[in-house]
Structure formats: structure tokens, C-alpha cells
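Student: Before I ask anything, let me first share the structure, which is written out below as C-alpha cells.
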Amino acid sequence: MTNPASSGTGGAVRFGALLLAMPLLLWLFLLVILPHVDLLLVSLRERISYGKYEFSLINYTEFFVEPLYWNTYIRTAVMSIMATALTLLIGFPVSYYIAKVMRGKGKNVLFLLCLIPFWVSELVRTFGWMILLRESGVISNFLQWAGIADGPVEMLYNDATIMVGLVYTSMLFMVVPLVSVLDSLDDSLIEAGYDLGGNAFTVTRDIVIPHAMPGIASGCIVVFMLTLGNYLTPNLLGGKDSLWFTEQIYTQFITRFNWESGSAFGFLLLVLSSMIVWIGLKLSRQTLSETVS
Amino acid sequence: MADQFDLECRDVVKKFDAFTAVDSVSLTIPKGSFFSILGPSGCGKTTLLRMLAGFQTPTSGDILIKGSSVLGVPPNRRPVNMVFQHLALFPMMNVSENVAYGLKRRGADRATIEKKVSDTLARVGLPDSGPKQISQLSGGQKQRIAIARCLVLEPAVLLLDEPLGALDLKLREHMKVELKQLQHEIGTTFVYITHDQSEALVMSDQVAVMNAGRFEQVGAPQDLYYNPHTAFVAGFVGESNRWKGTVGMTHDDHIVINLPTGGAVLASRKTHPTLAEGQPVDVFVRPEAIAIDGQGETDNAIAAKVDNVLFNGAASSVQVRDKATGHEMTVALPQTGAFANLKSGDLVNLTWGAEQTRCFVAAENQEATA
Amino acid sequence: MSKKHGALRGSLLGLTALAGMAMLGANAQAEELRLLTWGGYAPDDVVEMFEKETGIDVEVTLSNNEDMISKLRATGGGGFDLAQPSQDRISGAQLEYGIYKPIDLSKIDAAKFIPSMLEATKKNTTLDGEVYGVPHVWGTSGLIVDMTKAGDVKDYTDLCNADISGKVSYRLKRPTLIGFAFAMGMDPFAAYGDEAKYQEILDAVEKKLVECKPNVKTYWEGGDALLNLVRSGEVVAAMAWDTGGWKLNNDNADITFVAPASGALGWIDTFVLPRKSENEDAAYKWINFVMQPEIAAKITASAGNFTASKGADEFADDKLKAQFQGSFPAEALDNIKWYPTVPAGLETLEGKTLDRVKAAQSN
């Protein structure tokens, strides 16, 4: 719009462009910026008595003073990074297989298979896992029937189960960008890699991964964000020891009516995720604009 | 004995389900020669090349490089390298990293790599391009880097898969010459596949014309041009006027070929000793074999009207129409510029000798002709 | 990319606006009662009868105490015409957020209520001389026990017995803190007014709950999830509502609700008017309608709990009455600890205790 060429046609063009941008601007302002500003204001006040509030940083200091919140925060970040790494580790070969090995119909079928779990809601998927893994569940019964286990086996309510659930939930969001970026890799580059003496490992390391880097980065960002912000999966599969930071936020808002500290936690989560994504981009030498496009 | 051949194929067959892409192809390529495989798209030449490189396995037959079979040897272990159709330079690496890639895979030490890379870049005429990104190179430079990337590994055979296809015409003409020269200098055996006859004719020592999975004829470019063995080769290599006809009476040294569309052409009995009366044939006459209003042989003589003059410098020609039969023909103009003022509507007399007429028995039994 | 999304989002906004207008239109046409309540408190047949009698459409939203308060807080008391929080969660929330409005008792047919319960609720929900709540459904929380496998669980603290390790479940919510406090011989209700004293109690309970954590299979959240755990035998003793125990008892006679030795915790869910209630008349009509004994009995049948409707017992299911009497012998009935109003601030203390229990590592 600042293009001098368009200034000749004057205000009409500019108004038209503004009108076109209106839905986006409204969306951004009403549903993104405004709530965040409100959240920030709420997080910066302290309840004095009934209906009386004062400006204070207590909600933030509370977070740093109380090790419980810290631990949850760190734990959530570490588990999310692990889940992202695992998703990448599993998703990459899957995507490679779909994009480069499969041809024609099989490719679409396989891709669709990856998609199918997402036709039902996350809640249903998680309950599906619970039915499989619970003490009186399918796998436990099978193990007993097969004589591998003597008694019922409880596979729910531990960190490994949370990890399984998170990876499962995130897989599609890793596979889609990876498949599209690997699809764009010319087969002859891979063949040239082999032709010039490379083996599977070096071709993957020197040619496939550098090419796929933008897809890897965008997949990881999406998966990391989803995981960090996930509430259902850690809560339902994790049981009594689940401890997820979003759970803390939910609890503060809904069961404690403590919007002030909930808002502060929300902001801290925002800072945490932005920081980790930023570090990740720096480490992989990607830029956000490259990754998003 | 086998050592004189850098590359040898013995009855190589490749089938994809019911489709036979390559049908018992045998070839031997002498050390240091420039060998081209020429054929229309879909003839199986790319499949053959990929089998040589190791990306595909023959259904049957054997491939030998420097006298030993390479069946079961994966691409990264074969002493052949390939220049891909779209070059397949690695965009994530700069020029010298691209060239150094193969050496690194071999575990060469850093000093050797550096020396060989700069030597090779100098040899292809781009000594200072090492730190450049691939995207900064022009089409011709990319071409040379792609070749350098293979040559640095000193392969026994260099395979080239239509690498000039993506270049514009002028550059392609230029690169043809350059490639031939390069091959001369370094002496590596080149196997070059293309659908462009001029590339094959200009550069090669030997050309194999491939059609429907088979080799139609293997020979020097001159051989293919002047002495095609099959109708396909005659039609595919060089320009020709082409008719369908039937063998008619024989007079002395001449055979009359009757054209169902009207008229007849004379062929030489000497060059076609086996033709029998009544056989259906394909008839070919080169445009440059026909003289306009000239002297020379007059076994065949036609009065024709000029339809179009196609001026193209030394390669100019005219399209004419036989006044009697309505056949369209193309006739090359002599390079002397003698007919520079010929224009459409002019009447010309066309003549050519019977021995310039080339006939191939049509349909199944083509070998019988030669 | 962004343009495309912009357009999509724009059209979504447009759709939302359209939908909003459509809803406005609908509102103008038919009278509506927007009810924020618990599962089972507004069964379909009752809603249908009400709609037939009054012509008022009832839109039911299912919720729980915390969620009701959060929802009303977010809208400043709007979006609903009638809500049903527990009686102990009214005056505190009103003081803090001002989300309710006083009830006009003249519009309530007091004769339909059990007098003692009405009086108690009025007393508990009075603020500045105004009454904010009238009782509807009441019940208790205590223990659900599989008598064959955990017969010696008689009180909350028995859930920590070693012999049922890994087969226990309770909620990580305030009733658990209160119940354990009573079972440990303390009186948390008496300490409501004294934060320091209350914190002492909480610390003792926290210690006990952390010790007890290895015994717990999982902290349950939804009632149905718990019933599933008990039904499948994965859990043999749990702290839960009475009605859940009776439901399970219908399927399996070994499982039933047990009033703990230290006393079951009694709660009363009420009717309150959200501050921005748009259809008070309909709300009063609904209250008077559902308090009729026959209707109240229907609600008892669907919710599993008894109501404050006078004379509804006559219409109640005999089996439920028997189950009730089985779980509550006379002395247990007298021993029910009714929740007094929660003073503001306590929930923050409790929250931290619960967080610490959750964060403690059990193994």
C-alpha cells in the first residue's frame, strides 16, 4: 500500500485494500491482541479484598518463589521437547516413505491412514488409548491371555503413556509438512547422492535433511506448540502424577477462580514457548519467515 | 581382450510387468570413445542408462564394466557416474562442496580433496567458481559443474542423460562442441543418451539408434546417415522425403516403385538386389539428393511448383508440390545461393539418381532390404 | 497465505454474526429459560412437561460448581436465567464477583419446601439481609466400597490402608481435604473463620494425602469415569457421591455407598438468579414447577438424589429409599456434616495444598 505507483490512483485503492484487510485486522485486534492485553492487565493485579484489586507483580513472584510451579513449568517444557523429538524421529521415516518410496494410489491411501485418527476429536482418541492401556483393558487382557503376564497390567498413568499419547496426537502435524517438503525434493538429487558414492546415511544427512530443514522446523514448531499447550492428553493419560503447565492454568482459572495468577501463568507459558521456538530456529539456522511460508 | 571395452552389455532385458522397456540389447563400448544412444522418448534409452548406473536391475542379461560384471553392485560402488537430465546439483552446497562431495564419500583427505577440486574446476574452465552458490551459476556453468562433479572421481564411464535438454538453442550448440572437446581432452568414455539426432551426430564416435527397446543400428554417424539399415533409422536420422510404394517392374538396373498415390520412383537394382515384385516398401529420398533445374542424374524427373521457401541460411530448403501427383516434397537449396530468388508459385524441374532412392520392405520383414 | 486465511477468518466472523442475529431472532419469537445446572437435574420428561404447561422453552447447560461460577464470572452474571450452585458457594462468590441477584421470596411457593432445609439454605445464602438461594437437590459425599474386597474401609483415612494399595481413587478437590480433616479428628468447618488454624489443618491433611498417594490409582475427575473404574474392579474403594454408589449397587450388590465413621459431607444444590437473568418470571415458574412432589420425584429418579420438595418421598422409588436407609442408619444421618458457606480466601489456601499434593511424586 505504500508503493508509490499506487498513490496516483489515490484514496479509492487504499480504501479498497483497507476494506479487504478489515476481516484480518478485526480478527487480529478483537481476538488476538485485545484478549492478550486484557490478560496482561489481569496478571498484573492483586486481589486485596472483595472486588478490590491493586497493581502488583505478586503473581509473577509467586511463580518464581513456589518451586511447585517452576518444576511443572520445566517438566512441561522438557517433556514437550522430548515429544517433539520423538515425533520427528518417527515421523521422518514415515514421511520419507510416503513421499519418496510410495507411488500412485498407495501413497494417497497411506497419507489418508495418517489422517484417519484426526477424524475424531482428541477426547475420543485419548479415551481410545485409555481403553487399550487400562488395567482391565485390551492389551492387559491380551497379555494375560497369551500368558505373558500373570495378573492385570496397568499401563496408564505414567510419563511413558503421556509420551505415547502426545506423539500419537502430534504425528499428523509433523507428517504433513515433512511429506510436502520431501515431495519437493527432486529424486535425481537423491540418486546423484548415491551415484557419487553416498550411502543411505550420508545421503540422508547431506542431502535429504538439509533440503527438508524448513519442513522439519515448521513441523517441530507446530508439534511443540500443540504439545506444550495440550491439556487433555497429559491430564487423562497421566493420571495422578500428570502435572502439565496448562493444567495449572486451567486450575487457576476454573477451580481456583484465581484469574490473576492464571493470567500470569498464561503469559509465562507464552514467553516459554516463544523462547524455545526462537532457540530452536537459531540452532537449526532457520528463519521464521522461511518456515511459515 | 575384454579390457579394451570399458562397458559391455550382453542381452540385457528389462521388463516392467508385461511391458518390455529394453529388449535384449547388446553393446560394447571401446575405451575412450564417445558413445550415444539416440531414440525417441519412450524407446527405453533412459531405462538402459539407469541400468548402467545401477538404479535399476536388468530382468536378464549381464552388464560388464572394465570386463567384470556389475550386476548386484549398488550405484555408489560402481565406477560409473552420471550427469542427470536436470543436472541434480545439490542446492544446499556451494560449487566446491558439490564437486568435493564424491571425494568426501571416498574418505579422501582434505588436502587431496582441495587439490582435486581446484584442478577439476580449472579443467572445466571455472577455476574461481568454488565459493559460489549453485543458484548463482548460468545454465552452461551448471552443466560444467555437473560434469566436473563426476570427472573428479575419475570414473571408468561417464553417463549423460540428455543434459543439454534444458538449455536454450544457442547454448546447446555451443555446449555440443565443448562437450566433444572435453571428452577428447580427458579421454573418459562417455555414454550419452539423447533424442536429438544433431547432438548425437555431432559429438559421437559411435551412435546406437534405439527404438521400442531394441537397437536398430549401431555405427558411426556417417554410417547411419548415408547407409541406414532400417526404415526407422532412415526416417529418424536426418531429413527425408518419404512415400509408401509397391515394387513394380524391373528394367535393366532400375526398379520401378509404384506409389499408390500416383506416379512412380526409380530405385537402383544395385543397391536393392533382393527386392521382389509386389513387395510393399517405404521409400526415402534425402532433400539434398534432389537437384533443381540441374544436370547430373536424371533417372527420376518431376515437374513441381514451389509452395514455400524456407530460408535458413546454409540449411535453406523449399517445399514443393509434384504437379502430376500432388505429392509434397522438401528439397534442399544448394549452399551457393543459386536459387536465392526462388519464390512460391515458381515452377521447377527436380531430378535425382536412382541410387539415391532408398527402399525398405514395409511391415514385419525389414532386414531383407539391405 | 495470510490473505487466504484472512478471507476465511472474515467469513467465519461473518457467519458468527449471522448466527448471532439468527439467535436474537429466535429469542424474540419464543420465551426461553436458560438453565445452568447439573446432570440429571432437568431430565427431558420434566422439561417437556414444563414446556407444555407454560410454553417456555428450556435450554439446559450442564455444569459443576466451579464451572458455573467461572461462566457467570466471565459474563458478569449473564448468559443464563437460572443457575444451581451448591449453597456453600453462593455468598462468597457473590461478595467477590457480584454475579447473582436476590431472590424475591414472595414469588416462591414456600409450602412446597421442607421447612428446615429452606430455612438453613436461606440462612447460609443471606448477604446484607437479602436471600440469594433456595434449596433444590441435596445429597452427601462419602465412600463407595466394594464390600468383598475392601470391607474394612470405614472412613476416609482407611483409603490409605496398605491392603488396597493401587485400587483407590478420590478427587483432588476441596471435599477430599474436608473429609480427610474430619477423619483425622479435626474440625475444618470450625476453623473457617481462622486462616492460620485452617492452614494448620490443611498442612496436616496435605502430609497425609502425600503419604497416601502411592495408594491412589488415579485422581478421578468425572463421575462417569469413576463409576467405570469401580465397575471394572480396577478401583475397590473411592471417595465419591452417594448416588454413584447406589447406581453401582443396582448392578453389583457388593458395591455400595458407605457413610464414613467421621460423617458424610452434606451438600445442598440451590436455585439462584444470575445478576443479568433476562427471564426471572420463567425462572420462578421453573422453581415452583419442579418443587411439586411428583415432579421432584422424577428428578430424584434421574439424578439419584433426594430433593427439598415436601412430600416427594411418597413418589420416590422404593429401591432408592432402601439404598438410602442402608447407607444411612439414624446415627449416620445425624452425623452428616453440612457444608457451611466458604469464606473467600480459603479456596486459595486449599488450591495450593492440592497443587502440592498433585506435584508430590508417588513413586
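Student: Rounded if a/c is under 1.5, else prolate if a/b is larger than b/c, else oblate: which is the stretch C:24-130, with a ≥ b ≥ c the root eigenvalues of its Cα gyration tensor?
Tutor: oblate
Student: If amide H atoms are built 1.01 Å from N in the plane of the peptide, which residues on other chains or at least 5 residues away come under 5 Å of the amide H of C:Lys101?
Tutor: C:Leu273, C:Arg275
Student: Roughly how many nanometres apart are two label points built 7 Å out from the Cα toward the Cβ at C:Asp44 and C:Ser302?
Tutor: According to this spin-label approximation, the distance is 1.0 nm.
Student: Can you figure out the FRET efficiency of B:Ala111 with B:Lys31, using R₀ = 25 Å and their beta-carbon distance, to the nearest 0.05? Each step should come with its number before you reach the end.
Tutor: Numbers: r = 30 Å, r/R0 = 1.22.
Rounded to the nearest 0.05, the efficiency is 0.25.
Student: How big is the dipole moment of the protein assembly as shown about its Cα centre under a simple scheme where the beta carbon of each Lys and Arg is +1, that of each Asp and Glu is -1, and everything else is neutral? Debye, nearest 20, please. It would help to have the intermediate numbers written out before the result.
Tutor: Values: 88 positive and 111 negative charges, 471 e Å.
Result for the protein assembly as shown is approximately 2260 debye, rounded to the nearest 20.
Student: Per the helix-only calculation at 222 nm, which mean residue ellipticity applies to chain B, given -39500 (n - 2.57) for every DSSP H run of n ≥ 4 and division by its residues, nearest 500 deg cm²/dmol?
Tutor: Calculated mean residue ellipticity at 222 nm is -7000 deg cm²/dmol.
Student: What is the mean number of Cβ atoms from other protein chains located within 10 Å of the Cβ atom of each residue in peptide C:243-256, rounded to a whole number? If you can, show how the numbers build up before the last one.
Tutor: On the way: counts 0, 0, 0, 0, 0, 0, 0, 0, 0, 0, 0, 0, 0, 0.
Across the residues of C:243-256, the mean count of other-chain Cβ atoms within 10 Å is 0.
Student: Given the options A:Ala264, A:Ala200, A:Ala77, which has the most mean-square fluctuation in a GNM of chain A, springs set between C-alpha atoms less than 10 angstrom apart?
Tutor: Among A:Ala264, A:Ala200, A:Ala77, the largest GNM mean-square fluctuation belongs to A:Ala200.
Student: Moving on to the next point. Could you work out Rg/(2.2 N^0.38 Å) for the stretch C:214-358, with Rg from alpha carbons only?
Tutor: 1.24
Student: Now a separate question. Between A:Phe15 and B:Glu185, what is the spin-label point distance in nm, taking each point 7 Å from the Cα along the Cα→C-beta axis?
Tutor: Once both label points are built, they end up 6.8 nm from each other.
Student: Fewest to most neighbouring Cβ within 10 Å: what's the order for C:Met239, B:Met329, C:Met147?
Tutor: Final ranking by Cβ density, sparse to dense: C:Met147, B:Met329, C:Met239.
Student: A further question follows. Tell me, for the protein assembly as shown, which Cys residues have no other cysteine's C-beta sitting closer than 4.7 Å.
Tutor: A:Cys114, A:Cys220, B:Cys9, B:Cys43, B:Cys150, B:Cys359
Student: Further, regarding this structure: Taking the Cα centre of chain A as the origin and placing charges on Cβ (Lys, Arg +1; Asp, Glu -1), which of A:Leu24, A:Ser140, A:Leu41 is farthest toward the positive end of the dipole?
Tutor: A:Leu24
Student: Based on the alpha-carbon gyration tensor of chain A and its eigenvalue square roots a ≥ b ≥ c, which shape applies: rounded if a/c is under 1.5, prolate if not and a/b is larger than b/c, or oblate? Don't jump to the answer; show the numbers that get you there.
Tutor: Working: a/c = 2.04, a/b = 1.06, b/c = 1.92.
Cα axes put chain A in the oblate bin.
Student: Ok, one more. Among A:Met171, C:Gly179, C:Asn279, flag the residue with its Cα farthest along the positive direction of the charge dipole of the protein assembly as shown, charges on Cβ as +1 for Lys/Arg and -1 for Asp/Glu.
Tutor: Working it through, the farthest residue towards the positive pole turns out to be A:Met171.
Student: For helix C:2-29, report the angle its Cα long axis makes with the longest principal axis of the Cα atoms of chain C; keep it between 0 and 90° and round to the nearest 10°.
Tutor: Orientation of helix C:2-29: about 80 degrees from the principal axis.
Student: Over all distinct alpha-carbon pairs, what is the Kirkwood Rh of the protein assembly as shown in angstrom?
Tutor: 37.3 Å
Student: Related question: Could you state the angle between the C-alpha long axis of helix C:44-54 and the longest principal axis of the C-alpha atoms of chain C, as a value from 0 to 90 degrees rounded to the nearest 10?
Tutor: 30 degrees
Student: Magnitude of the Cβ-charge dipole of chain B, K/R +1 and D/E -1, about the Cα centre, nearest 20 debye? Before the final figure, lay out the partial values.
Tutor: On the way: 35 positive and 40 negative charges, 303 e Å.
The dipole magnitude comes to about 1460 debye.
Student: While we're on this one: Within the stretch B:180-212, whose backbone N sits under 16 Å from a point 7 Å along Cα→Cβ of B:Gln335?
Tutor: What the label zone holds, given the 16 Å backbone N cut-off, is B:202.
Student: Specify whether the C-alpha gyration tensor of the stretch C:190-279 places it in the rounded, prolate or oblate class, a ≥ b ≥ c being the square roots of the eigenvalues: rounded for a/c under 1.5, otherwise prolate if a/b is larger than b/c and oblate if not. Don't jump to the answer; show the numbers that get you there.
Tutor: Details: a/c = 2.02, a/b = 1.12, b/c = 1.80.
It is oblate, given that a/c is not under 1.5 and a/b is not larger than b/c.
Student: Sticking with this structure for a sec: Along the three principal axes, how long is the stretch B:2-234 when you take its alpha carbons, biggest first, rounded to the nearest angstrom?
Tutor: 51, 40, 33
Student: What does DSSP give for the protein assembly as shown in terms of the percent of beta bridges that are antiparallel, rounded to the nearest 5?
Tutor: Around 75 percent of the beta bridges assigned by DSSP in the protein assembly as shown are antiparallel ones.
Student: Lys pairs in the stretch B:241-361, Cα-Cα under 26 Å, at least 8 apart or on separate chains: how many?
Tutor: 6
Student: What nm distance separates the two modelled labels at B:Asp293 and B:Asp62, each placed 7 Å from Cα along Cα→Cβ?
Tutor: 6.4 nm
Student: Would you look at the GNM of chain B, springs on alpha carbons closer than 10 Å, and say which of B:Arg269, B:Arg110, B:Arg123 moves the most?
Tutor: Per the Cα network of chain B with a 10 Å cutoff, B:Arg110 tops the list.
Student: Residues with beta-carbon under 15 Å from that of A:Glu135, excluding A:Glu135: net charge, scoring Lys, Arg +1 and Asp, Glu -1?
Tutor: +2
Student: To the nearest 0.05, what FRET efficiency results for C:Phe315 and C:Glu119 with a Förster distance of 22 Å applied to their C-beta separation?
Tutor: Values: r = 24 Å, r/R0 = 1.07.
Plugging the Cβ-Cβ distance into 1/(1 + (r/R0)^6) gives 0.40.
Student: Considering the zone a paramagnetic label at B:His251 would reach in this model (a point 7 Å from Cα along the Cα-to-Cβ line), which residues of the stretch B:257-289 have amide N under 14 Å from it?
Tutor: B:257-258, B:264-269
Student: Residues of the stretch B:238-264 with amide nitrogen under 20 Å from the 7 Å Cα-to-Cβ point of B:Lys270?
Tutor: From the stretch B:238-264, the list is B:250-257.
Student: Identify which of B:Ala354, B:Ala289, B:Ala340 has the largest mean-square fluctuation in a Gaussian network model of chain B, with springs joining Cα atoms closer than 10 Å.
Tutor: B:Ala340
Student: Let me ask something additional. B:His254's amide H: which non-local residues (gap 5+, or another chain) put their own amide H closer than 5 Å, with H modeled 1.01 Å from N in plane and none for Pro or chain starts?
Tutor: B:Arg269
Student: Gap in Å between the Cα centre of the stretch C:165-182 and the Cα centre of the stretch B:267-344?
Tutor: The stretch B:267-344 and the stretch C:165-182 have Cα centres spaced 106 Å from each other.
Student: Computed over the Cα atoms, what is the radius of gyration of the stretch B:39-137 divided by 2.2 N^0.38 Å, N being its residue count?
Tutor: So the Cα radius of gyration is 1.30 times the expected 2.2 N^0.38 Å.
Student: Based on a Kirkwood Rh over C-alpha pairs, give the Stokes-Einstein translational diffusion coefficient of the stretch B:231-306 at 4 °C and viscosity 1.567 mPa s in µm²/s.
Tutor: 96 µm²/s
Student: Something else now. Can you compute the charge dipole magnitude of chain C about its Cα centre, using +1 on each Lys and Arg Cβ and -1 on each Asp and Glu Cβ, nothing else charged? Give it in debye, rounded to the nearest 20.
Tutor: The dipole of chain C has a size of about 1160 debye.
Student: Shifting gears a bit: At q = 0.09, 0.11 Å⁻¹, what log₁₀ I(q)/I(0) does the stretch B:241-361 have when each alpha carbon counts as one equal point scatterer in the Debye sum?
Tutor: Once normalised to I(0) and log-transformed, intensities are -0.25, -0.36.
Student: Give me C:Met49, B:Met210 sorted ascending by neighbouring Cβ count inside 10 Å, so fewest comes first. Write out the running numbers ahead of the final one.
Tutor: Working: C:Met49 17, B:Met210 26.
In increasing order of surrounding Cβ atoms, one gets C:Met49, B:Met210.
Student: Summing Lys, Arg as +1 and Asp, Glu as -1, what charge do residues with Cβ under 15 Å from the Cβ of B:Asp346 carry, B:Asp346 excluded?
Tutor: +1
Student: Using modelled amide H (1.01 Å from N, peptide plane; none on Pro or chain starts), what sits under 5 Å from the amide H of B:Val281, excluding residues fewer than 5 places away?
Tutor: Amide H neighbours of B:Val281: B:Gly245, B:Thr246, B:Val247, B:Ala362.
Student: Right, here's the next one. Radius of gyration and Dmax for chain C's Cα atoms, expressed in Å?
Tutor: In order Rg, Dmax, the Cα atoms of chain C give 22.0, 71 Å.
Student: With a Förster radius of 51 Å, plug the Cβ-Cβ distance of A:Leu115 and C:Ser165 into 1/(1 + (r/R0)^6) and report the FRET value to the nearest 0.05.
Tutor: Values: r = 43 Å, r/R0 = 0.83.
Using R0 = 51 Å, I get an efficiency of 0.75.
A short reminder: the numbers here are calculations on the coordinates, not readings from a lab. Owing to the predicted nature of the structure, the values given are computational and were not obtained by experimental measurement. Cβ: placed from backbone, ideal geometry, glycine included. Neighbour counts: every protein chain shown.
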